[in-house]
Structure formats: structure tokens, C-alpha cells
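Notes follow once the structure below has been shown.
The values are calculated or read from the model by the stated rules, or taken from the named source; none is laboratory data. This structure is a prediction, so every number in the text was calculated from the model and none was measured. Glycine gets a Cβ as well: all are built from the backbone with ideal geometry, and neighbour counts include every protein chain shown. Surface accessibility is based on the protein's heavy atoms, side chains included, excluding ligands, DNA and RNA. Shrake-Rupley method; radii C 1.70, N 1.55, O 1.52, S 1.80 Å.
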Amino acid sequence: MRLTKYIADSGIASRRRAEELIASGMVAVNGVTVTTVGVNVDPLHDKVSVNGRLIKPRARVYLLLNKPGGYLSSVKDPHGRPTVVDLLKDVDERVYPVGRLDLDTEGLLILTNDGEFMNLMTHPRYHIPKTYQAWVKGIIDDKDLKALGHGIELEEGMTAPASARMLRINNGCSLIELVLYEGRKRQVKRMLKAIGHPVLALKRTALGFLTLQGLAPGEYRHLLPEEVKKLTAMARGS
Ligand code: URA
């Protein structure tokens with residue numbers, strides 16, 4: 001493992017800052033000061049210290065949560081409202097939600113302590129499809145579905161092409177599925193409001209190949225290493 005990554009994984013500095021620490025002679029491997037960036041270390045056997053203090057990389061954690069309504073997608077709320085982190089019972093690492101679901105939105109949310117993974121998944125350049133099911137007011141027709149698919153004019157510009165299909169009609173309301181390849185703030189609600197069908201209930205049902213299968217609202221599981229790998233590759237478009 002690269003020494004810079006080892007330091008970044010310990011949580012004391014970003015990779016860039018780690019390079020600076022190394023260059024300034026503050027990092028030692030097995031007691032010997034290292035000043036060249038690009039050195040590799042064996043995380044199981046080598047002892048790395050920064051400024052004389054031994055550091056250790058933290059375990060990286062990736063969780064898939066079925067968020068219930070009424071929980072904020074943040075770590076702490078200044079107003080004391082429940083957050084998604086309150087739902088995690090046996091997780092010692094401090095994890096952060098990857099992107100946001102609105103307070104009342106339910107469904108698939110990833111949490112992690114891996115900053116690089118977080119950047120990759122939330123960067124606008126990377127497009128992992130996000131699937132939503134929305135109950136909306138009124139009956140959605142073919143014209144609406146086409147408009148949602150082609151793009152909707154929002155205040156900051158047109159939305160990217162998406163796919164939309166009708167799932168059910170009940171009591172003058174429609175349940176539709178919308179797959180988006182971008183993630184703007186409150187995008188689903190704003191798109192549907194713009195075409196005259198305000199959202200009554202919203203759930204994210206999938207992110208790429210990940211679904212909520214086996215997870216009741218409020219439940220979560222760890223992602224498998226191969227799922228993390230696959231998501232990373234998808235986000236990079238490889
Ligand atoms: N779009 C929204 O409008 N709300 C969400 O929570 C997620 C997507």
C-alpha cells in the first residue's frame with residue numbers, strides 16, 4: 001500500500017496533505033524517516049509514525065441502508081431530529097451518507113467513511129443510475145412520461161435524459177418509476193411538480209445494480225467488497 005494512502009486511511013490527513021507531511025520529514029516507517037513520496041508500506045507489518053505518533057489505517061465501512069421517512073440524511077441535526085446515523089447500532093466507525101434523501105423520502109442510501117468513494121459516487125461527472133418510485137397526484141399520461149424522459153426545464157437548466165414508466169393508478173394518483181442519471185437537489189419532486197404532478201410519496205429503490213432486497217425500512221447491511229468494486233468501476237465508467 002502507498003504510504004500516502006496509509007496515512008490518509010488513518011484519518012489524520014488527506015492524501016495531498018500526507019505528501020506534504022512526508023516531504024517535510026515528519027513521517028517515519030519502522031523508525032526511519034521517509035522523505036520521498038511513492039514509498040510502499042506493508043500495512044500488516046510496517047509501523048508508521050507521524051510526528052513520532054504511531055498511526056493505523058481505519059477499517060473502511062460501506063453500508064446500504066433502507067432509510068425510513070422522518071430521518072435526516074446527515075450525521076447530526078442541530079435541532080435534535082433523528083438522523084440516519086441513529087439507525088446504526090453496531091457500527092463503531094463514523095460514517096457519512098453518500099448524497100442525500102429528503103427527510104420524507106424513503107429507500108436506498110449508502111453510508112461510508114471512505115472519502116474517496118464518497119467523492120466518486122457524488123461527483124457530477126459520474127453517472128450511476130438512481131431508480132425512484134413516486135406516488136404523484138393525478139394521472140400521468142404518455143405525454144408526461146415522454147417529457148420526463150426527454151428532460152424537464154428546471155430553474156438551473158434542463159434535466160438529463162431519464163427513463164420513466166407508469167406502474168399503477170389508484171384513487172386519482174399514479175405510481176411511476178423514474179431512473180435518473182444525475183443527482184440534483186430534490187430533483188424528482190421538482191421535475192414532477194414542473195409537469196403538474198406533485199409528489200405525495202417518494203422512495204429510492206435502486207442504485208445501479210443495488211436494490212433494497214431483504215432490507216425492511218430501518219435495516220441495513222454491509223456492502224460486499226465486490227459490490228464496492230463494481231460501484232467504483234461503474235462510477236468511473238470502466
Ligand atoms: N429527489 C427528490 O426530490 N428527493 C429525494 O429525496 C431524492 C431525489
Any chance Lys76 is assigned by TED's automatic domain parsing to the domain that holds Phe117, open to solvent by 90 Å² or more (accessible area, probe 1.4 Å) and not aliphatic (A, V, I, L, M): yes
Lone qualifier among Gly70, Gly38 - being surrounded by fewer than 16 Cβ atoms within 10 Å (Cβ to Cβ), at pLDDT 95 or above and not in a strand (DSSP E or B): Gly70
All positions within the stretch 14-34 that are surrounded by 13 or more Cβ atoms within 10 Å (Cβ to Cβ), modelled with pLDDT of 95 or more and not in a helix (DSSP H, G or I): Met26, Val27, Ala28, Val29, Val34
Residue list for the stretch 154-183, filter: near the ligand (Cβ under 9 Å from one of its atoms) and open to solvent by 60 Å² or more (accessible area, probe 1.4 Å): Gly183
First in the stretch 145-169 and within 18 Å of Tyr132 (Cβ to Cβ), second anywhere and of a type in the set (Phe, Trp, Tyr) and open to solvent by 60 Å² or more (accessible area, probe 1.4 Å), Cβ under 8 Å, 6 or more apart: Ala160/Tyr181; Pro161/Tyr181; Ala162/Tyr181
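Can you name the residue in the stretch 184-195 that is farther than 22 Å from Leu120 by Cβ and not in a loop (DSSP other than H, G, I, E, B) and is also farthest from the ligand (Cβ to nearest atom) among such residues? Step through it out loud before you land on a result.
Kept after step one, since they are farther than 22 Å from Leu120 by Cβ, are these residues of the stretch 184-195: 186, 188-195.
Filter once more, keeping what is not in a loop (DSSP other than H, G, I, E, B): 188-194.
Details: Val188: 3, Lys189: 3, Arg190: 6, Met191: 8, Leu192: 8, Lys193: 9, Ala194: 12 Å.
In this case the residue turns out to be Ala194.
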